[in-house]
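These notes are about the structure you will find just below.
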Amino acid sequence: MKNDYQILGIEEGADEKEIKRAYFKLIRTYSPEKDPERFQEIRAAYERLTEVKEDDWYRIEMETPTEPFAQSMLQQIAELREAGDYRRALQTVEEAIGYFGEAEVLLFEQGRCCKLEGKTGKAVKCYEKLAARYPDKLLYKGYLAKAYYERGYEKKALAAFREVYGLGWREPDFLICYSQCCGYRDCPEEGLTVLESLESSIDEKSKKKRMMDLLQAYIGMATLSPRVPGKFAEVAGRCRKFLEGSRRYLKEYEFELQSLFVTILMSADAVGESKNKDVSAIKKIIFDIYPEVGEMLQGAADMLRLQVELEDLAEDGRISDLMKWSLEALAETIEKDIDKDGYEYFMEMDALLCQLEEWPKQKGDVEIIREEYGEVYEVFRDFWRLLQSGAEQRRMMKEEMRIEYAKLSRKYEGGHYYEMFPDKQPDLEAVKWDSQENGTFVRDGKKVGRNDPCPCGSGKKYKNCCMRKG
Amino acid sequence: MDTVIGIDLGTSTTEAAVLRDGKPVMVINFDGKVTTPSVVGMDDTGNMVVGEKAEGQLLLAPDRTVKEAKRLMGTDRKLPMGTRQYSPVEISSMILTYVRNYAGKFLGEDVDRAVISVPAYFDEIQRQATVEAGKKAGFTVERILNEPTAAALSYGISHMEEESNILVYDLGGGTFDVTLLEMFGGVLEVRASSGDNRLGGKDFDEKLTEYLAGRFKEKHGISLEGDIYAMARLHQAAVECKKMLSTQEEYRVLLPVIAEKEGVPVELDETVTRECFEGLIEELIERTHEPIDVVLEDSNMAAEELDMVLLVGGSTRIPFVQRDIADYLGKEPSFAVDPDYAVAQGAAIQAGIINGMIDSEEGIMMTDVNPYTLGIRTLNGYTADYMSVIIPRNVTIPVTKKQTYYTSWDGQTAADIEVYQGESRSVENNHRIGMFNISGIPSGPAGKEQLEVAFSYNQNGMLNVTATILSTKEEASIAIDMMQTGMEERVDVSGWKEAGLAEDYRTVIRRAEKWLKKHEGEEEAEEDYRELEELVYQLKRAIIDGDDLEAEELEEDIRSMI
Ligand SMILES: Nc1ncnc2c1ncn2[C@@H]1O[C@H](COP(=O)(O)OP(=O)(O)OP(=O)(O)O)[C@@H](O)[C@H]1O
Ligand SMILES: [Mg+2]
């Protein structure tokens, strides 16, 4: 069989111009009209020779068994792998190893398939063999480092990453894993240097084809930057410049942009740079590209920020437990259409009632929150206002809520109110329901608690499953 | 040598050209002009008129005149003209017949072979409709050529030595097309095509007409909307205004007696500035950006790598359009080809390539791409309507590609191969162009048996699909000929009452139509509605054809439904 150069009638390794000239000359003779078969053959060779090889890193010569049967098995393995059937691909590789021994190409395929199948331990074994057997091939060392990292051997991985990096290996995925590993091993500065080397290896011309790598690099930088003093502003500036210059190509990378955006906002918060002008510029660019998604992203970022603050708050010894779980319950109701008959509403009532009963003991909590947990304070504005209303008003609110609460408590468990204030629990039999409403409170079966398994059978806790959807 | 004519069948204007001594020559029509308005009308004696005459009666008889039929090609919309309804294909074929006649006179010989250009972004149905129109006009349609490619050919033929990347920006009367081509060694290679086949000068006209009607209503409290005569005049004035604003800063629209108020004539007098007009069309112009991005992306090219931006189509005369392109691409556009003639000239060049007048070793040649993605429906684990791509859009044709699939459930012995065209990941949003079934798959567990599906698509619009069961080598296939029109032309059945059989079926038709009236627009009855509508049509047709047997059967079917 002829190779691509032979099909075009040129010498191996001919440059782009020669390839082009040969192609355009040949298709005059074998035009789509006159010889469509031949045209397609020429065209395919031309495309293969001129295509931008994104996976150039894997294109190395490997020992391959020469038997035709081995060839066809390899083909099958590749097809299975591309079709996403890693399990059978791996089976086929192992079968092939049974016939032809651990030929280089087969070991390599085995490693790849193991990794894809999630068998990280076995993948480590494969690459260890390859790296030992072919010490000159950096590809295997690089893969081995990544395999260690994926297996969770972070210490070993970091040493391996450093070694291979030192030898000059710069495969994009390798660099990204390396930088993440740096994050875990507490050397963010090193991670940033690694990502910068990735960033600078991509020039203007190949930018478009390497968009994914670039976005990954910026996400990584944005993640690490708050941990290196003074670094965030610089990274934000670079990121902005990048986004400005690549606007036209960004539309297809919705997912990556989302995570970049959220990461930047979180990091900006962490270093107290939320007002940074590059951050605002980045926000604007992303909103321009996705007018619909922009708001959603902003919302997602706010939510995340809130989550982080709530987590910190949960650890804060100065804040009362009552405040902690109340806020947790209230957070469940943010930006949702709350069903007046649902569990979230019940828990919201529960928190409000307890808070109202206890007020003003929590005044100190509110002070700390206002001072130190800005986002939380922002989000629960109405709640603070409610607490600080006049005594008479509070009393009336309590009265009203108690009725609602009593109704709902027949349906749900997990409330604190009657535990904390047993005397407030009404004699259920004595409560008169109006007949129409009464009908809606028929309880079928057991009450579902917040932490019970969800009745839908998903195996998740109720609070993490249907309760959210409900 | 047999003459093959190149025709640019445009939304607003039509032109034709032929190759003479290796150069395209424009064909002159009966009015002594190159450009023929794409307008068809019925004059007051009941005769069909095409072109300038038809355009001339637009104002007097808008109900007997049809324009812009191209926008409706491939739909089953009907265009009323006089007492009858016409399909867009019929209207287009009248224009083409007219071209055939004047070309015959101009050239002194009958021409019956043609290359007809269509917007690159026309889909298969629209292309088929165009072929159908050509056939009805008595042409053998040798090739359907993409308009921007044609424009590039007309540029390329006099720039054979150049090595350049050319972006053709074609904004015409009804469609927007953008195509990126590479010129090298006298070969024009289309790298990518995209566009919007519902965007053009017509939309600008409508925006401006709407604006003028709105202003008039504000000032005088009179709505012109229902008055087709007034609207026709207003529309014409808007077109005039739009064109004038391409060369001057403002234009005064003056229509003396456009309406009446308490018996007193009211005039429309409105001065439109260029700025105001630009504000009206800004949003529409913005829609050109995405297709530009797509072609750059698909041809792996950055805007900076473009050597030339060629403007084609009447609407590129608008200064705002030129400015927008320059801003968006960072490159001044070029006027190297005649925006009105380039497409027809290119079609004539392609005709010359086909009939051998252009030497294939020495002269210009071209390769083209398929503008839409082709694939099949598959199960992907989440949905059953996943579009599995076999030939991606914008690959050079002819092309053959294959993909292997696995059986989806235990004991599966047959598979439906449904062929789709379109860009969505869900076939529901794409267009089904064919289907066949392959059976005889050996029964086994899911995923055991493999099916190889091969697509082969060529420049004549022929798509061959073959499915092979790999373990048994058994095959099934289908040939989808995009040039072979499978569409059945709807005939006008409004005269059924005059036919001899009418008396026998009058009652059933009346009842069926009553049913239709009652259930019109009801969602639950939608399917029945469509079925009954079709049956009634078929029955009327049978009545006209005098086919009693068929009519009887149809009557029974209809009765069972109402
Ligand atoms: N000077 C001008 N300024 C603005 N628009 C113009 C001018 N001259 C012509 N046009 C517009 O250009 C359009 C016609 O262009 P053209 O003849 O290229 O389109 P077409 O080939 O008929 O349509 P298509 O290619 O979309 O099917 C009409 O909408 C017309 O109003
Ligand atoms: Mg045109």
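Contact map, the stretch B:439-451: first residue more than 14 Å from chain A (Cβ to nearest Cβ), second residue small (Gly, Ala, Ser) and open to solvent by less than 20 Å² (accessible area, probe 1.4 Å), Cβ cut-off under 7 Å, separation 6 or more or different chains; pairs are B:441/B:415. Screening residue B:306 against (1) within 14 Å of chain A (Cβ to nearest Cβ); (2) at pLDDT below 90; (3) open to solvent by less than 60 Å² (accessible area, probe 1.4 Å) leaves a single unmet condition, (2).
Within the stretch B:152-180, being surrounded by 20 or more Cβ atoms within 10 Å (Cβ to Cβ) and without any contact (Cβ under 8 Å) to a residue 40 or more places away in the chain holds for no residue. Evaluated against (1) open to solvent by 40 Å² or more (accessible area, probe 1.4 Å); (2) within 14 Å of chain A (Cβ to nearest Cβ); (3) out of contact with any Gly (no Cβ under 7 Å at 6 or more places or on another chain), residue B:389 falls short on exactly one condition, (3). Would you confirm, using the coordinates I've provided, whether residue B:282 is more than 14 Å from every other protein chain (Cβ to nearest Cβ) and either more than 16 Å from ligand 2 (Cβ to nearest atom) or not acidic (Asp, Glu) (or both)? When the stated conditions are applied, residue B:282 passes them. Scanning the stretch A:26-40 for residues that are at the interface with chain B (Cβ under 10 Å from one of its Cβ atoms) and within 48 Å of the chain's Cα centre (by Cα), we see that the one that is nearest to residue B:391 (Cα to Cα) is A:40.
Confirm whether residue B:418 is open to solvent by 30 Å² or more (accessible area, probe 1.4 Å) and assigned to a strand (DSSP E or B). For residue B:418, the condition - open to solvent by 30 Å² or more (accessible area, probe 1.4 Å) and assigned to a strand (DSSP E or B) - is not met. Could you list, in sequence order, all residues of the stretch B:307-324 that are away from ligand 1 (no atom under 11 Å from the Cβ) and in contact (Cβ under 8 Å) with a residue 24 or more places away in the chain? Of everything in the stretch B:307-324, those that are away from ligand 1 (no atom under 11 Å from the Cβ) and in contact (Cβ under 8 Å) with a residue 24 or more places away in the chain turn out to be B:307, B:308, B:309, B:310, B:324. Has the stretch B:344-351 got at least one residue that is open to solvent by 10 Å² or more (accessible area, probe 1.4 Å), more than 16 Å from ligand 1 (Cβ to nearest atom) and assigned to a helix (DSSP H, G or I)? Within the stretch B:344-351 (the criterion being open to solvent by 10 Å² or more (accessible area, probe 1.4 Å), more than 16 Å from ligand 1 (Cβ to nearest atom) and assigned to a helix (DSSP H, G or I)), the answer is no, since none of the residues qualifies.
One residue stands out among those in the stretch B:324-343 that are more than 15 Å from ligand 2 (Cβ to nearest atom) and part of a loop (DSSP other than H, G, I, E, B): the one that is nearest to the other protein chains (Cβ to nearest Cβ), which is B:330.
All told, residue A:2 meets the bar of being away from chain B (no Cβ under 14 Å), out of contact with any helix residue (DSSP H, G or I) (no Cβ under 7 Å at 6 or more places or on another chain), open to solvent by 60 Å² or more (accessible area, probe 1.4 Å) and farther than 26 Å from residue A:206 by Cβ.
Tallying residues that are in a helix (DSSP H, G or I), more than 10 Å from every other protein chain (Cβ to nearest Cβ) and not β-branched (Val, Ile, Thr) within the stretch B:289-303 yields 2. Taking the listed residues A:46, A:86, A:23, the one that is open to solvent by less than 20 Å² (accessible area, probe 1.4 Å), within 42 Å of the chain's Cα centre (by Cα), within 27 Å of residue A:209 (Cβ to Cβ) and within 14 Å of chain B (Cβ to nearest Cβ) is A:46, with no other qualifying. The helices (runs of 4 or more DSSP H) located wholly in the stretch A:253-369 that include 2 or more residues which are modelled with pLDDT under 80 and open to solvent by 20 Å² or more (accessible area, probe 1.4 Å) occupy A:254-270, A:277-289, A:291-315. Restricting the stretch B:76-112 to residues that are open to solvent by less than 50 Å² (accessible area, probe 1.4 Å) and not in a helix (DSSP H, G or I), the residue that is farthest from ligand 1 (Cβ to nearest atom) is B:82. Would you please name the residue that is farthest from the other protein chains (Cβ to nearest Cβ), looking only at residues in the stretch B:181-199 that are on the phi > 0 side of the Ramachandran plot and in contact (Cβ under 8 Å) with a residue 60 or more places away in the chain? Result: B:195. Within the stretch B:195-227, how many residues turn out to be within 16 Å of ligand 2 (Cβ to nearest atom) and open to solvent by less than 20 Å² (accessible area, probe 1.4 Å)? Looking only at that region, the number is 6.
The values are calculated or read from the model by the stated rules, or taken from the named source; none is laboratory data. Bear in mind that the values here come from a model prediction, so they are computed numbers and not experimental data. A quick note on method: Cβ atoms are made from the backbone with ideal geometry, for glycine too, and the neighbour counts reach across all protein chains shown. Side chains are part of the model used for accessible areas, which takes the heavy atoms of the whole protein and leaves out ligands, DNA and RNA. Shrake-Rupley method; radii C 1.70, N 1.55, O 1.52, S 1.80 Å.
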